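The values are calculated or read from the model by the stated rules, or taken from the named source; none is laboratory data. Predicted model, so just to flag it, every value in this text is computed and none were measured. A quick note on method: Cβ atoms are made from the backbone with ideal geometry, for glycine too, and the neighbour counts reach across all protein chains shown.
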Amino acid sequence: MKTIRVALGERSYPIAVRSSYRQLPQLLDSLRLPRHGCVVSHERLLRRHGRGLLAVLRRAGWRLDVVTVPETEASKSWAMARQLISRLAATGAMRPPVLFAFGGGVVGDLTGFVAAIYRRGVPYVQLPTTLLAQVDSAIGGKAAIDLPQAKNFVGAFHQPRLVYSNIGLLRTLPLRQRRSGLGEVIKYGAMADPALFAFLEQHLAACLAMEPRAARVMVERSSAIKARIVSQDERDARGIRAQLNFGHTLGHALEAAGRYRRWTHGEAIAIGMCAAAQLSVELGRCPRGQMQRLVALLQAAGLPTRARGVSRAAVRRALAYDKKNLRGRPRWVLLRRLGRVVVSEAIPPTTLQRVVSAYLS
């Protein structure tokens, strides 16, 4: 099992990919954190997997409080952030606790956002439990909450002290969550790693089943790609980190238009990747055969490739609020070939409107 490093100087941290929580206390000790923590999670997840985690930490001398939030994207809100901050303040501890985000992307984003703003920043640890969180949202320090108009519209950069991905939990995920996470792994292969993309094509059944070797390859390779990109462009100021948004321009708009209930994140970006690849082909940036391989893999994984029954007006409104827009112009990540993307604002509005409309049939 690997430990991958996000190299950010004094803000550097490890991503540990393991199959249990046995080594977590040892890694935490190396960070010299106070052994007082608050675990933020979902009630159902805690019932199913929390006992083992809490036991390991408490045996190592950690004093832990536990806070639960609803298992829904709506938990990424001002109201829930205020509740969590009030709970932390009510403990009255002179020294703030280490926050542990034990869950998927919702818990990770909310906990990271609170860690960024509570007492001007407190340490936190990501303990992602879904494939989507392990390969993407737990890494990189982007923490945010949603507004009704758009996803992740209020946030901060606040790096965790540690990301600890227990791939032993992945086989317990429902099929829809496995597919959703696989959508993000496919994104990494398409944008940066043709060998990973080929591995997914060849071993798709094992990947969907979260067999141990397949899970390890997906999490380690995806984590390494994101760690490398974040290390080069932590705050998305050089245009390098923007490559990670392949499929996300339309994907985030679909999530907002569906009020964060219609599609999972992986489902929405699968549609977004198809639209971005089609746009790339029509602009002469990408061979059609490359787009067809991407669409075929997404379909084989059971992910949607078009959005059915969505309000086009709602999607257009969400696109207008997209925080990736620069100077009022939409910024899209286009496919050059499998393993390489390019960020572009130079997209004719008529072509963009026609392609996007085609994927909202």
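Residues checked against (1) buried (at least 20 other Cβ atoms within 10 Å of the Cβ); (2) closer than 21 Å to MET273 by Cα:
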residue: GLN134; (1), (2): yes, yes
residue: ASP146; (1), (2): yes, no
residue: PHE157; (1), (2): no, no
residue: ARG179; (1), (2): yes, yes
residue: GLY183; (1), (2): yes, yes
residue: LYS187; (1), (2): yes, yes
residue: LEU200; (1), (2): yes, yes
*Conditions (1) modelled with pLDDT of 95 or more; (2) farther than 21 Å from PRO128 by Cβ; (3) surrounded by fewer than 24 Cβ atoms within 10 Å (Cβ to Cβ); (4) hydrophobic (A, V, I, L, M, F, W, C); number of the one not met by ALA227*: (2)
*Would you pick out the residues in the stretch 30-50 that are assigned to a helix (DSSP H, G or I) and under 19 Å from ARG171 (Cα atoms)?*
ARG44, LEU45, LEU46, ARG47, ARG48, HIS49, GLY50
_Just to be sure I understand, how many residues within the stretch 195-218 are touching a helix residue (DSSP H, G or I) at 6+ places or on another chain (Cβ under 6 Å) and part of a loop (DSSP other than H, G, I, E, B)?_
2
*Within the stretch 147-163, identify whether any single residue is within 20 Å of TYR13 (Cα to Cα), among the β-branched types (Val, Ile, Thr), touching a helix residue (DSSP H, G or I) at 6+ places or on another chain (Cβ under 6 Å) and assigned by TED's automatic domain parsing to the domain that holds ALA81, and answer yes or no.*
no
*Of the numbered conditions (1) in contact (Cβ under 8 Å) with a residue 40 or more places away in the chain; (2) among the small types (Gly, Ala, Ser); (3) surrounded by fewer than 17 Cβ atoms within 10 Å (Cβ to Cβ); (4) out of contact with any strand residue (DSSP E or B) (no Cβ under 9 Å at 6 or more places or on another chain), SER222 fails exactly one; give the number of that condition.*
(3)
_Selected residue [over 16 Å from GLY189 (Cβ atoms) and either assigned by TED's automatic domain parsing to the domain that holds ALA313 or assigned to a loop (DSSP other than H, G, I, E, B) (or both)] from ALA296, ALA268, ALA276_ = ALA268
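Would you point out which residue out of ARG316, ARG285 is more than 20 Å from the chain's Cα centre (by Cα), surrounded by fewer than 21 Cβ atoms within 10 Å (Cβ to Cβ) and in a loop (DSSP other than H, G, I, E, B)?
On the way: ARG316 fails: in a loop (DSSP other than H, G, I, E, B).
Of the residues listed, the single one that is more than 20 Å from the chain's Cα centre (by Cα), surrounded by fewer than 21 Cβ atoms within 10 Å (Cβ to Cβ) and in a loop (DSSP other than H, G, I, E, B) is ARG285.
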*Pull up the stretch 86-111, narrow it to residues that are assigned to a helix (DSSP H, G or I), of a type in the set (A, V, I, L, M, F, W, C) and loosely packed, with under 15 Cβ neighbours inside 10 Å, then point me to the one that is nearest to the chain's Cα centre (by Cα).*
ALA89
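Return a yes/no flag: does the stretch 243-250 have any residue that is surrounded by fewer than 21 Cβ atoms within 10 Å (Cβ to Cβ) and in the same structural domain as ARG316 (by TED's automatic domain parsing).
Kept after step one, since they are surrounded by fewer than 21 Cβ atoms within 10 Å (Cβ to Cβ), are these residues of the stretch 243-250: 243.
Within this subset, residues satisfying the condition of being in the same structural domain as ARG316 (by TED's automatic domain parsing) are 243.
Among the residues of the stretch 243-250, at least one is surrounded by fewer than 21 Cβ atoms within 10 Å (Cβ to Cβ) and in the same structural domain as ARG316 (by TED's automatic domain parsing), which makes the answer yes.
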